[in-house]
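The structure appears below as structure tokens.
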Amino acid sequence: MNTDKIKPQEFEFVAEIKQLLDIIINSLYTHPEIFIRELVSNSSDALNKIRLISLTQHNIQSPELELRIDITVDPTTNKFSIEDTGIGMTRDEVIRQIGTIAHSGTSNFLKPFANDQKQLDINLIGRFGVGFYSVFMVTEEVTLETRSYLPDSTAVRWKSSGKEKYIVEEIERERRGTLVYFNLKPEHKEFANPEKVKEIIKRYSNFVGFPIYVNNERVNTIESIWHKKKEELEETEVIEFYKFITNDTNPPLSFFPIQVEGTVNFKALLFIPDSPPKLFWQSFFEKTIHLYSHRVFIQDDNSEILPEYLRFVRGVLDTEDLPLNISRETIQNSPVISKIRQILTSRILNHLEELLTTNPDKYDRFIETFGQILKGGISIDSSNKERIISLLKYQSTTLPKGQYTTLDDYIARMKEGQKSIYYVLANSRDLIERNPNLEYFKRNNLEVLIMTDPIDAFVVPFITEYKDKPLKSIDKADPEIKKDETYEAKKLDPVLANKLFERFKQVLGDKVLNVQESNRLIEFPITLVAPQYGLDPQSEKIFKILDKDFIKTKRILEINTSHPLICNLAEIVDKNSDEKILNDIILQLYEGTLLLDGEIENTLGFVERLNNLIQQLTDFLKYKS
């Protein structure tokens with residue numbers, strides 16, 4: 001080692017550093033704890049470098065040292081220090097890396113702050129390799145002592161108050177690495193509390209690949225298991241890791257690792273929760289994947305990394321393609337994030353497809369819990385629309401309650417000659433079972449998908465067809481529906497039927513779009529259906545809730561001309577068209593269909609009319625007896 005020491009030298013900061021330091025010292029920050037993350041990140045980088053160098057070079061300073069980071073704080077003196085056993089720096093490196101900014105973009109970065117008092121976004125600290133200077137948020141003066149890994153290196157001390165100048169001098173230091181220490185400003189004395197520092201490290205740096213000690217106590221005890229290969233992962237450690245990052249007390253429904261190398265590089269370990277929290281449902285979707293760079297935490301509320309319809313996924317993603325402290329604005333427009341989002345979306349859909357095939361029971365639980373969220377992707381992700389549709393599952397009129405089917409399985413069961421996929425929207429399966437429009441499909445053994453999620457009313461219009469099979473609501477007019485031959489012989493004479501239709505039109509007026517013969521009804525006398533290209537009743541109900549001024553489409557009244565009640569009415573109309581009770585019966589039949597749909601508005605009028613009809617019936621029976 002060269003024993004001729006160079007005397008302490010005083011240097012002046014370059015202009016960009018002066019400006020940056022002035023912004024840091026004089027601006028108000030909402031997250032001053034960021035300085036701990038920055039210092040830990042610098043130490044981690046230094047340790048990574050020495051680990052790589054030691055693989056090829058054996059003649060290095062202090063080869064026996066454990067690779068570690070030590071933080072020491074003293075609440076009585078407000079002293080803070082951090083030391084690593086990393087690569088260290090020579091005197092020239094200290095001057096070059098700490099005294100100047102060697103990044104050409106720095107001047108442009110600082111321009112917006114030159115002429116006004118614009119506040120610096122704390123997330124930009126470190127963007128140009130200047131994260132070290134974040135210490136000046138919390139201290140008046142900082143000292144750095146370092147010794148390079150080179151065997152004949154000399155230790156150096158760098159000291160500055162963050163104003164105009166800094167001092168560099170050679171010192172005695174036996175071991176390799178870097179030590180940074182300073183006294184905290186009184187208003188930031190909280191960072192001299194060991195527990196506070198541990199909390200910050202667990203939040204930002206818990207998965208740094210080297211042990212971090214605070215006052216000789218190991219803090220980062222959770223391994224960054226997403227860096228393991230799939231075959232190395234043990235289910236128990238994965239479950240514990242999931243519980244740690246999510247605070248969920250239950251194991252996840254499923255998990256899967258991802259490792260990508262190519263146009264972007266990242267490692268991830270993703271989870272599908274077994275269930276969302278019973279409380280705070282909305283906040284559940286505000287925090288999704290924990291985004292890391294070089295094992296250092298960046299964000300857990302990034303809205304760009306996953307499409308909205310997959311934001312039930314949890315996990316960790318670590319990429320070296322994003323700089324630490326990339327700003328939120330930059331992330332939103334980052335081509336790296338866009339590519340990651342595209343790959344993640346595809347891999348998650350792959351996993352769901354695999355789960356659907358290999359573990360249908362688990363997949364049904366997923367559909368019950370998160371199917372409503374997944375369906376939202378149909379209207380917003382055209383590139384994956386077909387894949388999302390194939391993942392949907394619904395209850396069906398041919399399956400026991402609680403069982404689900406995919407559209408692919410439905411198509412495989414379709415009757416010969418069946419051209420369409422039939423579905424019905426309702427609030428519950430019980431309501432569907434009482435729907436008169438279901439009669440035809442039951443009679444002809446035609447399967448109907450049961451859709452009870454409110455979002456289905458919005459989603460189905462975006463599907464229209466799947467694998468060349470149009471989706472059709474049973475509550476809409478459908479020219480494909482043909483009258484059963486068994487009932488064809490019982491139908492009314494066309495002349496009588498037309499007279500009855502005209503009477504219905506006269507009584508109901510503009511309450512209906514049209515009155516026509518039904519090909520679908522068997523046991524019920526009448527029903528209401530939406531026009532072929534209109535909205536079905538359930539969709540209209542939801543739109544009405546969202547918009548009180550929404551005007552519903554008039555529906556078509558279909559009449560079962562084979563029903564005994566209809567035949568009786570037709571004869572009465574033919575023989576005595578002035579019979580006033582006919583009007584009450586027609587109104588009662590019409591409002592009875594509204595009652596089944598839960599749409600009747602004048603319940604009092606309905607009940608009064610019913611009572612009146614019953615009274616007339618009892619008068620007749622009394623007279624007859």
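The values are calculated or read from the model by the stated rules, or taken from the named source; none is laboratory data. Just so it is clear, the model here is predicted, and its values are computed rather than measured. Using ideal geometry, Cβ is built from the backbone for each residue, glycine included, and neighbour counts are taken over all protein chains shown.
Residue count for region 380-405 under the criterion of being surrounded by fewer than 19 Cβ atoms within 10 Å (Cβ to Cβ) and of a type in the set (V, I, T): the result is 2. Residues in region 300-319 that are buried (at least 19 other Cβ atoms within 10 Å of the Cβ) and more than 20 Å from I367 (Cα to Cα): N302, I305, V316, L317, D318, T319.
Which condition number in (1) touching a residue at least 12 places away in the same chain (Cβ under 8 Å); (2) assigned by TED's automatic domain parsing to the domain that holds N78 is the one that E195 fails? (1) is the only condition that E195 fails. Could you look through region 197-252, keep only residues that are over 30 Å from R365 (Cα atoms) and hydroxyl-bearing (S, T, Y), and pick out the one that is nearest to the chain's Cα centre (by Cα)? Step by step, filter region 197-252, then rank; the result is Y204. Among the residues making up region 559-591, those that are closer than 15 Å to V507 by Cα and touching a residue at least 40 places away in the same chain (Cβ under 8 Å) are I559, L569, A570, V573, S577, L582, N583, I586, L587, L589, Y590.
Screening S338 with (1) in the same structural domain as T319 (by TED's automatic domain parsing); (2) of a type in the set (G, A, S); (3) buried (at least 17 other Cβ atoms within 10 Å of the Cβ) gives one miss only, at (3). So E502 passes all but one of these: (1) in the same structural domain as N519 (by TED's automatic domain parsing); (2) of a type in the set (D, E, K, R); (3) touching a residue at least 60 places away in the same chain (Cβ under 8 Å). Which condition number does it fail? Unmet for E502, out of (1) in the same structural domain as N519 (by TED's automatic domain parsing); (2) of a type in the set (D, E, K, R); (3) touching a residue at least 60 places away in the same chain (Cβ under 8 Å): (3).
Counting only strands (runs of 3 or more DSSP E) wholly contained in region 132-240, the ones carrying 1 or more residues that are under 22 Å from K49 (Cα atoms) occupy 139-147, 155-160, 177-184, 212-214. Of all residues in region 509-533, those satisfying the criterion of being touching a residue at least 24 places away in the same chain (Cβ under 8 Å), more than 13 Å from H563 (Cα to Cα) and out of contact with any helix residue (DSSP H, G or I) (no Cβ under 6 Å at 6 or more places or on another chain) are D510, K511, V512, L513, N514, Q516, V529, A530, P531, Q532. Put simply, of I60, I50 the only residue that is of a type in the set (V, I, T) and crowded, with 22+ Cβ neighbours inside 10 Å is I50. Report yes if I432 is in contact (Cβ under 8 Å) with a residue 24 or more places away in the chain, outside the structural domain of D536 (by TED's automatic domain parsing) and in contact with a strand residue (DSSP E or B) (Cβ under 6 Å, 6 or more places away or on another chain), otherwise no. Yes; evaluated as a whole, the condition is true for this residue. Annotation: S43 fulfils all but one of (1) buried (at least 21 other Cβ atoms within 10 Å of the Cβ); (2) without any contact (Cβ under 8 Å) to a residue 40 or more places away in the chain; (3) among the polar types (S, T, N, Q); the unmet one is (2). Each residue in region 366-379 was checked for being farther than 17 Å from F462 by Cβ, in contact (Cβ under 8 Å) with a residue 40 or more places away in the chain and surrounded by 18 or more Cβ atoms within 10 Å (Cβ to Cβ), and 2 of them qualify. Residues that are touching a helix residue (DSSP H, G or I) at 6+ places or on another chain (Cβ under 6 Å), hydrophobic (A, V, I, L, M, F, W, C), modelled with pLDDT of 90 or more and within 27 Å of I87 (Cα to Cα): does region 250-264 have at least one? No, region 250-264 contains no residue that is touching a helix residue (DSSP H, G or I) at 6+ places or on another chain (Cβ under 6 Å), hydrophobic (A, V, I, L, M, F, W, C), modelled with pLDDT of 90 or more and within 27 Å of I87 (Cα to Cα). Quick check, is S62 at positive phi and of a type outside the set (A, V, I, L, M, F, W, C)? Against the criterion (at positive phi and of a type outside the set (A, V, I, L, M, F, W, C)), S62 qualifies. Residues in region 137-154 that are in contact with a strand residue (DSSP E or B) (Cβ under 7 Å, 6 or more places away or on another chain) and touching a residue at least 40 places away in the same chain (Cβ under 8 Å): V138, T139, E141, V142, L144, T146, R147, S153, T154.
Can G376 be described as at pLDDT below 95, touching a helix residue (DSSP H, G or I) at 6+ places or on another chain (Cβ under 8 Å) and within 23 Å of V313 (Cβ to Cβ)?
Taking the combined requirement at face value, the residue satisfies it.
Answer yes or no: is there a residue in region 535-544 that is in contact with an Asp or Glu (Cβ under 7 Å, 6 or more places away or on another chain), surrounded by 20 or more Cβ atoms within 10 Å (Cβ to Cβ) and either without any contact (Cβ under 8 Å) to a residue 12 or more places away in the chain or assigned to a helix (DSSP H, G or I) (or both). Yes, that holds for at least one residue. The residues on offer are Y166, Y204, Y213, and the sole one that is modelled with pLDDT of 95 or more, among the hydroxyl-bearing types (S, T, Y) and in the same structural domain as P63 (by TED's automatic domain parsing) is Y213. The residues listed here are L352, L392; of these, the one that is modelled with pLDDT of 95 or more and touching a helix residue (DSSP H, G or I) at 6+ places or on another chain (Cβ under 6 Å) is L352.
Please indicate, with yes or no, whether at least one residue in region 547-559 is assigned by TED's automatic domain parsing to the domain that holds L589, assigned to a strand (DSSP E or B) and touching a Phe, Trp or Tyr at 6+ places or on another chain (Cβ under 9 Å). Scanning region 547-559 turns up at least one residue that is assigned by TED's automatic domain parsing to the domain that holds L589, assigned to a strand (DSSP E or B) and touching a Phe, Trp or Tyr at 6+ places or on another chain (Cβ under 9 Å). Filtering region 273-329 down to residues that are among the aromatic types (F, W, Y) and assigned to a loop (DSSP other than H, G, I, E, B), which residue is modelled with the highest pLDDT? Among those residues, the one meeting the criterion is F312.
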